[in-house]
Amino acid sequence: MKRLWIVLLLAGWALAGKTQPVTKQPDPYIQQLLARVSADSIEANIRRLAAFGTRHTLSPTDNDTFGIGAARRWIKRTLERYAAAGGGRMEVFFDRFWYGPDGRRVDRRVEIVNVIARLPGTDPEDDRIFIVSGHYDSRVSDVMDSLSYAPGASDDASGTAAVMEMARVLARERFPATILFVAMAAEEQGLLGARHLAAMADSLGWNVAGMFTLDIIGNTEGDNRVRDNRTVRVFSEGVPSAETPQQARLRQAIGGENDSPSRQLARYLHEIGARYVPELRVKLIFRRDRFLRGGDHIPFNERGFAAVRLTEPNEAYTRQHQDVRVENGIAYGDVPDRVDFDYVARVTRLMTAALANLAMAPPPPAAAYIDARGLSVDTRLLWEPPRAGRDRLAGYYVLVRETTAPQWQQKWFVSATDTSYTFVGWSKDDYFFGIQSVDAQGHESRILFPVPRFR
Ligand SMILES: [Zn+2]
(Lines give C-alpha, C1' and ligand atoms only; values in the text may rest on other atoms or scores of the structure.)
Protein backbone atom coordinates (compact mmCIF):
# COMPACT_ATOMS: atom_id res chain seq x y z
CA MET A 1 0.00 0.00 0.00
CA LYS A 2 2.79 2.34 0.95
CA ARG A 3 4.58 1.65 -2.32
CA LEU A 4 1.43 2.42 -4.29
CA TRP A 5 1.19 5.82 -2.64
CA ILE A 6 4.74 6.61 -3.63
CA VAL A 7 4.02 5.72 -7.23
CA LEU A 8 0.95 7.95 -7.21
CA LEU A 9 2.89 10.79 -5.64
CA LEU A 10 5.61 10.51 -8.26
CA ALA A 11 3.02 10.42 -11.03
CA GLY A 12 1.34 13.54 -9.72
CA TRP A 13 4.65 15.30 -9.35
CA ALA A 14 5.64 14.49 -12.89
CA LEU A 15 2.36 15.71 -14.32
CA ALA A 16 2.55 18.88 -12.28
CA GLY A 17 5.89 20.15 -13.35
CA LYS A 18 8.96 20.31 -15.44
CA THR A 19 10.27 16.82 -14.92
CA GLN A 20 9.48 13.59 -16.61
CA PRO A 21 10.26 10.00 -15.66
CA VAL A 22 13.09 8.57 -17.67
CA THR A 23 12.88 5.50 -19.83
CA LYS A 24 16.44 4.68 -20.70
CA GLN A 25 17.11 2.96 -24.00
CA PRO A 26 20.48 1.46 -24.89
CA ASP A 27 22.59 3.64 -27.19
CA PRO A 28 23.07 1.71 -30.49
CA TYR A 29 26.61 3.08 -30.74
CA ILE A 30 27.58 1.51 -27.40
CA GLN A 31 25.83 -1.73 -28.37
CA GLN A 32 27.97 -1.84 -31.50
CA LEU A 33 31.13 -1.41 -29.37
CA LEU A 34 30.04 -4.32 -27.18
CA ALA A 35 29.53 -6.53 -30.22
CA ARG A 36 33.25 -6.17 -30.95
CA VAL A 37 34.28 -7.78 -27.65
CA SER A 38 35.61 -11.23 -28.52
CA ALA A 39 35.81 -14.23 -26.18
CA ASP A 40 38.35 -15.76 -28.61
CA SER A 41 40.65 -12.76 -28.34
CA ILE A 42 40.34 -12.87 -24.54
CA GLU A 43 41.05 -16.62 -24.48
CA ALA A 44 44.16 -16.24 -26.64
CA ASN A 45 45.53 -13.53 -24.34
CA ILE A 46 44.82 -15.48 -21.12
CA ARG A 47 46.57 -18.56 -22.55
CA ARG A 48 49.50 -16.43 -23.70
CA LEU A 49 49.88 -14.85 -20.25
CA ALA A 50 49.76 -18.28 -18.55
CA ALA A 51 52.44 -19.56 -20.96
CA PHE A 52 55.11 -17.30 -19.42
CA GLY A 53 55.38 -19.97 -16.69
CA THR A 54 55.23 -17.47 -13.87
CA ARG A 55 54.59 -13.74 -13.64
CA HIS A 56 55.84 -13.49 -10.08
CA THR A 57 57.18 -10.03 -9.24
CA LEU A 58 60.58 -11.49 -8.26
CA SER A 59 60.81 -13.82 -11.29
CA PRO A 60 63.42 -13.37 -14.05
CA THR A 61 63.18 -10.31 -16.28
CA ASP A 62 66.01 -11.04 -18.75
CA ASN A 63 64.42 -14.07 -20.40
CA ASP A 64 62.34 -13.78 -23.58
CA THR A 65 59.87 -16.58 -22.85
CA PHE A 66 59.79 -17.07 -19.07
CA GLY A 67 58.95 -14.73 -16.20
CA ILE A 68 57.45 -11.33 -15.59
CA GLY A 69 59.81 -9.33 -17.80
CA ALA A 70 58.79 -11.27 -20.90
CA ALA A 71 55.14 -11.01 -19.85
CA ARG A 72 55.12 -7.23 -19.55
CA ARG A 73 57.05 -6.70 -22.76
CA TRP A 74 54.47 -8.88 -24.53
CA ILE A 75 51.58 -6.92 -22.95
CA LYS A 76 53.17 -3.65 -24.10
CA ARG A 77 53.79 -4.92 -27.66
CA THR A 78 50.23 -6.20 -27.91
CA LEU A 79 48.74 -2.93 -26.68
CA GLU A 80 50.96 -1.05 -29.14
CA ARG A 81 49.57 -3.22 -31.93
CA TYR A 82 46.02 -2.38 -30.81
CA ALA A 83 46.94 1.31 -30.66
CA ALA A 84 48.35 1.25 -34.20
CA ALA A 85 45.25 -0.54 -35.52
CA GLY A 86 43.15 2.14 -33.84
CA GLY A 87 44.91 4.95 -35.72
CA GLY A 88 47.64 5.69 -33.19
CA ARG A 89 45.77 8.00 -30.80
CA MET A 90 46.20 5.58 -27.89
CA GLU A 91 49.68 5.78 -26.33
CA VAL A 92 51.30 2.85 -24.54
CA PHE A 93 54.04 3.15 -21.93
CA PHE A 94 55.69 1.56 -18.90
CA ASP A 95 55.14 3.20 -15.53
CA ARG A 96 58.24 1.90 -13.70
CA PHE A 97 59.83 2.37 -10.28
CA TRP A 98 62.34 0.65 -7.99
CA TYR A 99 61.17 -0.83 -4.72
CA GLY A 100 62.28 -2.83 -1.68
CA PRO A 101 63.38 -4.82 0.17
CA ASP A 102 60.48 -4.22 2.55
CA GLY A 103 60.82 -7.08 5.04
CA ARG A 104 57.45 -8.41 3.94
CA ARG A 105 56.82 -9.78 0.44
CA VAL A 106 59.78 -8.25 -1.38
CA ASP A 107 63.19 -9.51 -0.20
CA ARG A 108 65.42 -7.50 -2.54
CA ARG A 109 65.49 -4.42 -4.71
CA VAL A 110 63.26 -4.99 -7.73
CA GLU A 111 61.87 -2.90 -10.57
CA ILE A 112 58.09 -2.81 -10.59
CA VAL A 113 56.42 -1.94 -13.90
CA ASN A 114 52.79 -1.11 -14.66
CA VAL A 115 51.84 -1.23 -18.34
CA ILE A 116 49.49 1.60 -19.32
CA ALA A 117 47.56 2.37 -22.50
CA ARG A 118 46.17 5.89 -22.45
CA LEU A 119 43.27 6.87 -24.69
CA PRO A 120 43.34 10.68 -24.47
CA GLY A 121 40.11 12.61 -24.16
CA THR A 122 39.11 14.91 -27.03
CA ASP A 123 37.80 17.76 -24.88
CA PRO A 124 40.78 19.72 -23.47
CA GLU A 125 38.54 21.24 -20.78
CA ASP A 126 37.25 17.86 -19.58
CA ASP A 127 40.01 16.63 -17.25
CA ARG A 128 38.24 13.47 -16.06
CA ILE A 129 40.31 10.29 -16.11
CA PHE A 130 38.77 6.84 -15.83
CA ILE A 131 41.07 3.98 -14.85
CA VAL A 132 40.37 0.30 -15.47
CA SER A 133 42.86 -2.32 -14.31
CA GLY A 134 43.72 -5.98 -13.95
CA HIS A 135 46.96 -7.19 -12.35
CA TYR A 136 49.32 -9.21 -14.49
CA ASP A 137 51.55 -10.64 -11.76
CA SER A 138 50.84 -14.13 -10.36
CA ARG A 139 51.84 -16.39 -7.46
CA VAL A 140 51.65 -19.92 -6.05
CA SER A 141 51.12 -21.18 -2.46
CA ASP A 142 54.35 -19.64 -1.15
CA VAL A 143 54.15 -15.92 -1.88
CA MET A 144 57.96 -15.74 -2.12
CA ASP A 145 58.26 -18.62 -4.64
CA SER A 146 59.26 -16.83 -7.83
CA LEU A 147 60.05 -19.83 -10.07
CA SER A 148 57.27 -22.45 -9.78
CA TYR A 149 54.54 -22.70 -12.41
CA ALA A 150 52.08 -19.90 -11.59
CA PRO A 151 49.69 -19.59 -14.55
CA GLY A 152 47.41 -17.14 -12.68
CA ALA A 153 44.73 -17.65 -15.31
CA SER A 154 41.77 -16.33 -13.38
CA ASP A 155 43.94 -14.39 -10.88
CA ASP A 156 44.46 -12.25 -12.77
CA ALA A 157 45.19 -12.99 -16.41
CA SER A 158 41.39 -12.82 -16.76
CA GLY A 159 41.25 -9.19 -15.61
CA THR A 160 44.38 -8.29 -17.57
CA ALA A 161 42.98 -9.84 -20.76
CA ALA A 162 39.67 -8.05 -20.19
CA VAL A 163 41.47 -4.71 -19.89
CA MET A 164 43.53 -5.46 -23.01
CA GLU A 165 40.35 -6.36 -24.88
CA MET A 166 38.74 -3.06 -23.86
CA ALA A 167 41.82 -1.25 -25.15
CA ARG A 168 41.59 -3.18 -28.43
CA VAL A 169 37.88 -2.41 -28.87
CA LEU A 170 38.06 1.26 -27.87
CA ALA A 171 41.44 2.27 -29.36
CA ARG A 172 39.90 3.95 -32.38
CA GLU A 173 37.06 5.71 -30.48
CA ARG A 174 37.00 9.37 -29.53
CA PHE A 175 35.59 10.22 -26.11
CA PRO A 176 35.67 13.63 -24.41
CA ALA A 177 37.26 12.17 -21.22
CA THR A 178 40.46 10.15 -20.89
CA ILE A 179 40.66 6.41 -20.19
CA LEU A 180 43.69 4.57 -18.78
CA PHE A 181 43.83 0.82 -19.41
CA VAL A 182 46.28 -0.56 -16.86
CA ALA A 183 47.99 -3.93 -16.49
CA MET A 184 48.97 -3.44 -12.85
CA ALA A 185 52.12 -4.97 -11.32
CA ALA A 186 52.92 -6.51 -7.92
CA GLU A 187 49.38 -6.84 -6.62
CA GLU A 188 50.26 -10.12 -4.91
CA GLN A 189 53.29 -8.56 -3.17
CA GLY A 190 51.16 -5.88 -1.46
CA LEU A 191 49.25 -3.85 -4.09
CA LEU A 192 52.55 -2.16 -4.94
CA GLY A 193 51.84 -1.15 -8.54
CA ALA A 194 48.46 0.31 -7.60
CA ARG A 195 49.91 2.14 -4.58
CA HIS A 196 52.43 3.78 -6.89
CA LEU A 197 49.85 4.77 -9.51
CA ALA A 198 47.37 6.06 -6.91
CA ALA A 199 50.10 8.14 -5.25
CA MET A 200 51.11 9.54 -8.63
CA ALA A 201 47.49 10.40 -9.49
CA ASP A 202 47.15 12.13 -6.14
CA SER A 203 50.39 14.10 -6.34
CA LEU A 204 49.75 15.21 -9.93
CA GLY A 205 46.21 16.26 -9.06
CA TRP A 206 44.56 13.97 -11.58
CA ASN A 207 40.79 14.13 -11.66
CA VAL A 208 40.29 10.36 -11.32
CA ALA A 209 36.53 10.24 -11.76
CA GLY A 210 36.30 6.47 -11.34
CA MET A 211 38.64 3.49 -10.92
CA PHE A 212 37.64 -0.10 -11.58
CA THR A 213 39.74 -3.17 -10.93
CA LEU A 214 38.82 -6.50 -12.51
CA ASP A 215 40.45 -9.15 -10.36
CA ILE A 216 39.52 -12.85 -10.64
CA ILE A 217 36.77 -12.75 -13.25
CA GLY A 218 37.39 -16.14 -14.88
CA ASN A 219 35.88 -19.00 -12.86
CA THR A 220 32.19 -19.81 -12.97
CA GLU A 221 32.29 -22.84 -10.68
CA GLY A 222 32.90 -22.22 -6.98
CA ASP A 223 34.30 -24.49 -4.28
CA ASN A 224 30.70 -24.54 -3.01
CA ARG A 225 29.87 -26.40 -6.26
CA VAL A 226 27.60 -23.62 -7.44
CA ARG A 227 27.92 -22.92 -11.15
CA ASP A 228 27.00 -19.39 -12.11
CA ASN A 229 28.08 -17.66 -15.31
CA ARG A 230 25.45 -14.91 -15.09
CA THR A 231 26.56 -12.91 -12.04
CA VAL A 232 29.43 -10.58 -11.25
CA ARG A 233 30.08 -9.16 -7.81
CA VAL A 234 30.98 -5.50 -7.38
CA PHE A 235 32.62 -4.58 -4.06
CA SER A 236 32.46 -0.96 -2.88
CA GLU A 237 33.32 0.77 0.38
CA GLY A 238 30.54 2.52 2.34
CA VAL A 239 32.36 4.88 4.68
CA PRO A 240 35.23 6.35 2.62
CA SER A 241 38.68 5.06 3.61
CA ALA A 242 40.07 8.58 3.28
CA GLU A 243 37.34 10.35 5.24
CA THR A 244 38.44 13.33 7.35
CA PRO A 245 36.98 13.98 10.85
CA GLN A 246 35.00 16.89 9.37
CA GLN A 247 33.58 14.66 6.62
CA ALA A 248 32.75 12.02 9.25
CA ARG A 249 30.69 14.54 11.23
CA LEU A 250 28.78 15.52 8.09
CA ARG A 251 28.18 11.88 7.17
CA GLN A 252 26.89 11.12 10.65
CA ALA A 253 24.56 14.11 10.52
CA ILE A 254 22.97 13.19 7.19
CA GLY A 255 23.17 9.38 7.28
CA GLY A 256 25.57 9.15 4.37
CA GLU A 257 27.11 5.78 5.29
CA ASN A 258 25.69 4.14 2.19
CA ASP A 259 26.41 6.95 -0.29
CA SER A 260 30.17 7.22 -0.73
CA PRO A 261 31.45 8.08 -4.23
CA SER A 262 32.59 4.44 -4.58
CA ARG A 263 29.14 3.13 -3.74
CA GLN A 264 27.59 5.49 -6.31
CA LEU A 265 30.02 4.06 -8.85
CA ALA A 266 28.86 0.54 -7.95
CA ARG A 267 25.21 1.57 -8.37
CA TYR A 268 26.11 3.13 -11.70
CA LEU A 269 27.55 -0.22 -12.87
CA HIS A 270 24.38 -1.94 -11.75
CA GLU A 271 22.22 0.37 -13.85
CA ILE A 272 24.47 0.23 -16.92
CA GLY A 273 24.62 -3.55 -16.66
CA ALA A 274 20.83 -3.84 -16.68
CA ARG A 275 20.70 -1.56 -19.73
CA TYR A 276 23.48 -3.07 -21.84
CA VAL A 277 24.31 -6.56 -20.60
CA PRO A 278 21.01 -7.83 -19.13
CA GLU A 279 22.25 -11.43 -19.30
CA LEU A 280 24.74 -10.54 -16.54
CA ARG A 281 23.47 -9.74 -13.04
CA VAL A 282 25.51 -7.11 -11.24
CA LYS A 283 25.42 -8.12 -7.59
CA LEU A 284 26.46 -5.26 -5.34
CA ILE A 285 28.42 -6.21 -2.23
CA PHE A 286 28.40 -3.42 0.31
CA ARG A 287 31.94 -3.84 1.65
CA ARG A 288 35.35 -2.75 0.43
CA ASP A 289 36.66 -6.22 -0.41
CA ARG A 290 36.48 -9.90 0.51
CA PHE A 291 37.65 -11.34 3.87
CA LEU A 292 41.45 -11.80 4.06
CA ARG A 293 41.84 -10.32 0.60
CA GLY A 294 42.63 -6.96 -0.93
CA GLY A 295 42.66 -5.49 -4.40
CA ASP A 296 44.10 -2.66 -6.46
CA HIS A 297 41.06 -0.43 -5.86
CA ILE A 298 42.04 -0.04 -2.18
CA PRO A 299 45.05 2.28 -2.66
CA PHE A 300 42.75 4.49 -4.76
CA ASN A 301 40.10 4.46 -2.01
CA GLU A 302 42.80 5.41 0.48
CA ARG A 303 43.70 8.41 -1.68
CA GLY A 304 40.08 9.54 -1.73
CA PHE A 305 39.15 8.32 -5.22
CA ALA A 306 35.96 6.45 -6.11
CA ALA A 307 37.08 2.88 -6.85
CA VAL A 308 35.43 -0.55 -6.93
CA ARG A 309 36.37 -4.18 -7.51
CA LEU A 310 34.67 -6.60 -9.90
CA THR A 311 35.05 -10.32 -9.19
CA GLU A 312 33.47 -13.70 -9.99
CA PRO A 313 30.35 -14.79 -8.06
CA ASN A 314 31.57 -17.88 -6.17
CA GLU A 315 35.02 -18.23 -4.62
CA ALA A 316 37.23 -21.08 -5.83
CA TYR A 317 40.05 -21.04 -3.26
CA THR A 318 41.36 -24.32 -4.71
CA ARG A 319 42.39 -22.24 -7.74
CA GLN A 320 43.72 -19.07 -6.09
CA HIS A 321 47.33 -18.78 -4.88
CA GLN A 322 47.84 -22.57 -5.19
CA ASP A 323 50.65 -24.75 -6.47
CA VAL A 324 49.33 -26.60 -9.52
CA ARG A 325 48.87 -30.17 -8.25
CA VAL A 326 46.42 -32.95 -7.47
CA GLU A 327 46.00 -33.80 -3.80
CA ASN A 328 43.47 -36.28 -2.34
CA GLY A 329 41.77 -36.34 -5.73
CA ILE A 330 41.31 -32.54 -5.78
CA ALA A 331 42.88 -30.53 -8.59
CA TYR A 332 44.50 -27.35 -7.31
CA GLY A 333 45.84 -24.47 -9.36
CA ASP A 334 44.78 -21.56 -11.53
CA VAL A 335 45.10 -23.04 -15.02
CA PRO A 336 43.59 -21.63 -18.26
CA ASP A 337 41.51 -24.73 -19.03
CA ARG A 338 39.30 -23.91 -16.07
CA VAL A 339 38.53 -20.37 -17.19
CA ASP A 340 35.09 -19.62 -18.68
CA PHE A 341 36.08 -17.31 -21.54
CA ASP A 342 32.50 -16.42 -22.50
CA TYR A 343 31.97 -15.25 -18.94
CA VAL A 344 35.10 -13.08 -19.03
CA ALA A 345 33.75 -11.56 -22.26
CA ARG A 346 30.43 -10.81 -20.56
CA VAL A 347 32.17 -8.94 -17.71
CA THR A 348 34.30 -7.15 -20.32
CA ARG A 349 31.13 -5.97 -22.11
CA LEU A 350 29.70 -4.62 -18.86
CA MET A 351 32.88 -2.68 -18.14
CA THR A 352 33.17 -1.43 -21.75
CA ALA A 353 29.61 -0.10 -21.63
CA ALA A 354 30.22 1.68 -18.33
CA LEU A 355 33.49 3.24 -19.53
CA ALA A 356 32.01 4.44 -22.83
CA ASN A 357 28.93 5.84 -21.10
CA LEU A 358 31.00 7.65 -18.47
CA ALA A 359 33.60 8.99 -20.90
CA MET A 360 30.96 10.38 -23.28
CA ALA A 361 28.79 11.91 -20.55
CA PRO A 362 29.24 15.53 -19.51
CA PRO A 363 31.07 15.90 -16.18
CA PRO A 364 28.81 15.85 -13.10
CA PRO A 365 27.55 19.09 -11.56
CA ALA A 366 30.40 21.04 -9.95
CA ALA A 367 28.59 20.85 -6.62
CA ALA A 368 25.22 19.62 -5.33
CA TYR A 369 23.33 20.72 -2.25
CA ILE A 370 20.21 19.96 -0.32
CA ASP A 371 18.60 23.10 1.08
CA ALA A 372 18.88 22.92 4.88
CA ARG A 373 18.35 26.60 5.70
CA GLY A 374 15.26 25.76 7.69
CA LEU A 375 12.68 23.14 8.48
CA SER A 376 10.37 22.46 5.56
CA VAL A 377 8.01 19.73 4.44
CA ASP A 378 9.41 20.16 0.91
CA THR A 379 12.84 19.14 -0.34
CA ARG A 380 14.83 21.55 -2.46
CA LEU A 381 17.93 20.42 -4.33
CA LEU A 382 20.39 22.92 -5.80
CA TRP A 383 23.44 22.34 -7.95
CA GLU A 384 26.11 24.11 -9.96
CA PRO A 385 26.58 23.36 -13.68
CA PRO A 386 29.55 21.18 -14.65
CA ARG A 387 32.87 23.00 -15.11
CA ALA A 388 33.39 21.50 -18.56
CA GLY A 389 31.36 19.87 -21.31
CA ARG A 390 28.44 22.28 -21.06
CA ASP A 391 27.96 22.15 -24.84
CA ARG A 392 27.12 18.47 -24.41
CA LEU A 393 24.84 18.99 -21.45
CA ALA A 394 21.16 18.26 -22.14
CA GLY A 395 20.14 18.38 -18.49
CA TYR A 396 20.27 16.54 -15.21
CA TYR A 397 18.81 13.45 -13.68
CA VAL A 398 17.52 13.67 -10.15
CA LEU A 399 17.57 10.29 -8.41
CA VAL A 400 15.49 9.21 -5.44
CA ARG A 401 15.35 6.20 -3.17
CA GLU A 402 13.91 5.16 0.16
CA THR A 403 16.52 5.28 2.93
CA THR A 404 16.43 1.47 3.20
CA ALA A 405 16.65 0.82 -0.56
CA PRO A 406 20.01 -0.41 -1.89
CA GLN A 407 19.52 1.05 -5.40
CA TRP A 408 18.13 4.26 -6.81
CA GLN A 409 14.41 3.72 -7.42
CA GLN A 410 13.36 6.67 -9.56
CA LYS A 411 15.14 8.89 -12.00
CA TRP A 412 13.76 12.17 -13.37
CA PHE A 413 14.93 14.55 -16.05
CA VAL A 414 15.41 18.27 -15.39
CA SER A 415 16.44 20.59 -18.23
CA ALA A 416 19.92 22.14 -18.51
CA THR A 417 18.56 25.62 -17.75
CA ASP A 418 17.54 24.55 -14.24
CA THR A 419 19.94 24.39 -11.33
CA SER A 420 17.43 23.54 -8.64
CA TYR A 421 14.38 21.41 -8.11
CA THR A 422 11.79 21.27 -5.36
CA PHE A 423 10.01 18.08 -4.35
CA VAL A 424 6.77 19.47 -3.01
CA GLY A 425 5.55 17.53 0.00
CA TRP A 426 8.62 15.30 0.11
CA SER A 427 10.52 15.37 3.38
CA LYS A 428 14.29 15.28 2.98
CA ASP A 429 14.35 13.19 6.15
CA ASP A 430 12.64 10.27 4.44
CA TYR A 431 14.58 9.78 1.18
CA PHE A 432 18.06 9.87 -0.28
CA PHE A 433 18.68 11.99 -3.37
CA GLY A 434 21.31 12.02 -6.09
CA ILE A 435 22.11 14.19 -9.12
CA GLN A 436 23.93 13.46 -12.35
CA SER A 437 24.50 15.28 -15.64
CA VAL A 438 23.23 13.79 -18.88
CA ASP A 439 23.69 14.47 -22.60
CA ALA A 440 21.11 14.27 -25.40
CA GLN A 441 21.87 10.58 -26.05
CA GLY A 442 21.29 9.67 -22.40
CA HIS A 443 24.93 9.20 -21.33
CA GLU A 444 25.02 9.93 -17.60
CA SER A 445 27.84 11.23 -15.43
CA ARG A 446 28.65 9.66 -12.09
CA ILE A 447 26.17 10.40 -9.33
CA LEU A 448 26.67 13.22 -6.81
CA PHE A 449 25.21 12.90 -3.32
CA PRO A 450 24.08 16.39 -2.31
CA VAL A 451 25.40 17.86 0.93
CA PRO A 452 23.39 20.19 3.12
CA ARG A 453 23.57 23.93 2.54
CA PHE A 454 22.88 25.88 5.71
CA ARG A 455 23.13 29.44 4.36
ZN1 LIG B 1 44.27 -11.03 -7.78
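The values are calculated or read from the model by the stated rules, or taken from the named source; none is laboratory data. Remember, predicted model here, so these are calculated numbers, not experimental data. Every residue, glycine among them, receives a Cβ derived from its backbone with ideal geometry; neighbour counts consider all protein chains shown. Note: areas computed on protein heavy atoms with side chains; ligands, DNA, RNA excluded. Shrake-Rupley method; radii C 1.70, N 1.55, O 1.52, S 1.80 Å.
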Checklist line | Compactness relative to 2.2 N^0.38 Å, alpha carbon Rg of the chain | finding: 1.00
Note to self: Report for the chain the percent antiparallel among DSSP-assigned beta bridges with both residues inside it, nearest 5.
What the structure shows: 65 percent
Checklist line | Full-extension gain in nm, Arg109 to Asp378, via 0.36 nm per residue minus C-alpha separation | finding: 90.7 nm
Margin query: For the chain, what does the accessible surface come to per residue with a 1.4 Å probe? Please give it in Å².
Written below: 41 Å²
Margin query: Run the simple label-point estimate for Glu125 and Thr61 please: 7 Å along Cα→C-beta, distance reported in nm.
Written below: 4.3 nm
Item checked: Surface/4 of the Cα convex hull for segment 94-175, nm² -> 7.1 nm²
Notebook entry, point to check: When the C-alpha atoms of segment 360-441 are aligned to their principal axes, what extent does each axis show, in angstrom, from largest down?
Noted result: 36, 28, 17
Next item on the list: Beta carbons within 10 angstrom, averaged per residue: use that to sort the peptides 307-319, 130-142, highest first.
Entry: 130-142, 307-319
Notebook entry, point to check: To the nearest 20 debye, what is the magnitude of the charge dipole of segment 36-360 about its Cα centre, counting +1 on the Cβ of each Lys and Arg and -1 on the Cβ of each Asp and Glu?
Noted result: 420 debye
Note to self: Report the per residue volume, in Å³, of the convex hull enclosing the C-alpha atoms of segment 163-268.
What the structure shows: 180 Å³
Next item on the list: Please give the helix 341-360 orientation as an angle from the longest Cα principal axis of the chain, in degrees from 0 to 90, rounded to the nearest 10.
Entry: 40 degrees
Item checked: Derived scalar couplings ³J(HN,Hα) [segment 213-228; Karplus, 6.51 cos²θ - 1.76 cosθ + 1.60; whole Hz; x for Gly, Pro] -> 10, 9, 9, 6, 10, x, 9, 10, 10, x, 5, 7, 6, 7, 9, 8
Note to self: List the chymotrypsin sites (Phe, Trp or Tyr not before Pro) within segment 358-406 that DSSP assigns to loop and that have no more than 16 neighbouring Cβ atoms inside 10 Å.
What the structure shows: none
Check: Using a probe of 1.4 angstrom, how much of the accessible area of segment 304-455 is carbon and sulfur, in percent?
Finding: 49 percent
Checklist line | Normalised contact order of segment 36-360, rounded percent, pairs of Cα under 8 Å and 6 or more residues apart | finding: 22 percent
